[in-house]
Amino acid sequence: MITMFSKSVAEGVLRILGDDKVEVIDQCTCLNYTYVLVKTKLGEFLGIAYTPIEDLRAGEVGIAPRVEELPELVTNLDSLIRALGVALINAISRYLVTREGLSLRQGDLKNEILRYTKQGCTACFIGSITPVAEKLSDRCVVYQLERRSDLRHGSYPDVDAPLVIPNCDILVITGSAIINNTIDQILSLRKEGSTVMLSGPSAAAYPPVLHGLGIDVVASSLVKDVRATIDLLKLGAGYRLLDKRGLLFKYVSTR
């Protein structure tokens with residue numbers, strides 16, 4: 001039986017959580033990001049994940065995420081339910097960071113990636129991360145693969161992945177690939193010895209779990225102000241506004 005990356009992440013987070021009580025007290029599928037709010041013995045923690053609007057269908061209504069069903073949530077056929085599952089993973093992970101006292105280095109992908117590049121290398125970005133990709137253009141051959149045609153611009157469609165990824169020294173994957181379940185195919189195509197990076201707010205699962213699954217670098221963010229973030233998400237805010245308002249702690253974790 002094939003074990004999906006998203007399910008492995010969910011199971012890994014639950015193992016570390018152990019018997020601690022975590023209660024989902026609020027959730028919302030907002031325009032740009034889905035959120036799940038949990039209550040724990042250490043307070044409330046918020047997890048967010050990309051809302052896959054390009055994959056919307058007439059799915060079930062009223063699904064409330066439950067911690068004990070986490071592996072099933074992230075492998076559900078309905079993309080909106082998977083987004084809730086990933087947001088719940090990220091909420092639990094935010095709690096684990098606090099419980100375990102995990103020290104995360106402040107930083108972002110744009111600066112971190114330069115440590116892994118050398119003249120003449122080949123890098124592939126899965127998802128539209130144009131500002132970071134442009135920063136490498138003077139030292140690397142850069143490819144971008146994008147599913148959504150409205151965001152593609154100069155990128156290649158994601159169906160070209162088998163032609164591009166096996167040739168890349170650096171592979172940067174957006175966290176939304178966990179939600180749309182393309183990450184398994186992406187990882188299966190990587191070149192041996194390549195550096196794999198997972199980025200974006202959807203990639204906020206507990207870093208040691210991600211490193212254990214082969215992710216070399218995680219560049220994500222944690223929510224600092226729960227209520228202010230929820231208020232903005234309900235109004236349709238995206239990552240840039242949350243970052244501009246100082247609501248996110250951006251970090252880099254390496255194995």
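The values are calculated or read from the model by the stated rules, or taken from the named source; none is laboratory data. If you're wondering where the values come from, they're calculated on a predicted model, not measured in any experiment. Neighbour counts run over all protein chains shown; Cβ positions are idealised from the backbone, glycine included.
A few comments on the model shown:
- Residues in the range 91-118 that are in contact with a strand residue (DSSP E or B) (Cβ under 6 Å, 6 or more places away or on another chain), over 16 Å from D169 (Cα atoms) and of a type in the set (D, E): D108 only.
- When the helices (runs of 4 or more DSSP H) confined to the range 17-117 are screened for residues that are touching a Lys or Arg at 6+ places or on another chain (Cβ under 7 Å), those reaching at least 1 such residues are found at 70-73, 109-112.
- Test: residue in the range 216-228 that is in contact (Cβ under 8 Å) with a residue 24 or more places away in the chain and in contact with a His (Cβ under 6 Å, 6 or more places away or on another chain): no
- Per this entry, L37 is counted among residues that are in contact with a strand residue (DSSP E or B) (Cβ under 8 Å, 6 or more places away or on another chain) and aliphatic (A, V, I, L, M).
- Count of the range 169-196 residues which are in contact with a Leu (Cβ under 9 Å, 6 or more places away or on another chain), assigned to a loop (DSSP other than H, G, I, E, B) and either assigned by TED's automatic domain parsing to the domain that holds V74 or touching a residue at least 40 places away in the same chain (Cβ under 8 Å) (or both): 1
- For the range 233-252, the set of residues classified as within 24 Å of G43 (Cα to Cα) and in contact with a Leu (Cβ under 6 Å, 6 or more places away or on another chain) consists of L242, L248, F249, Y251, listed by residue number.
- Scoring K110 on the criteria (1) without any contact (Cβ under 8 Å) to a residue 60 or more places away in the chain; (2) assigned by TED's automatic domain parsing to the domain that holds I230 leaves a single failure, condition (2).
- Considering residues of the range 7-56 that are of a type in the set (S, T, N, Q) and within 17 Å of the chain's Cα centre (by Cα) only, the residue nearest to G238 (Cα to Cα): N32
- Within the range 1-22, the set of residues being modelled with pLDDT of 95 or more and touching a Ser or Thr at 6+ places or on another chain (Cβ under 8 Å) comprises S6, K7, V13, D20, K21, V22.
- Residue match in the range 146-153 (condition: within 23 Å of K250 (Cβ to Cβ) and not charged (D, E, K, R)): yes
- Failed item in (1) of a type outside the set (D, E); (2) in a helix (DSSP H, G or I); (3) assigned by TED's automatic domain parsing to the domain that holds L37, with V132 passing the rest: (3)
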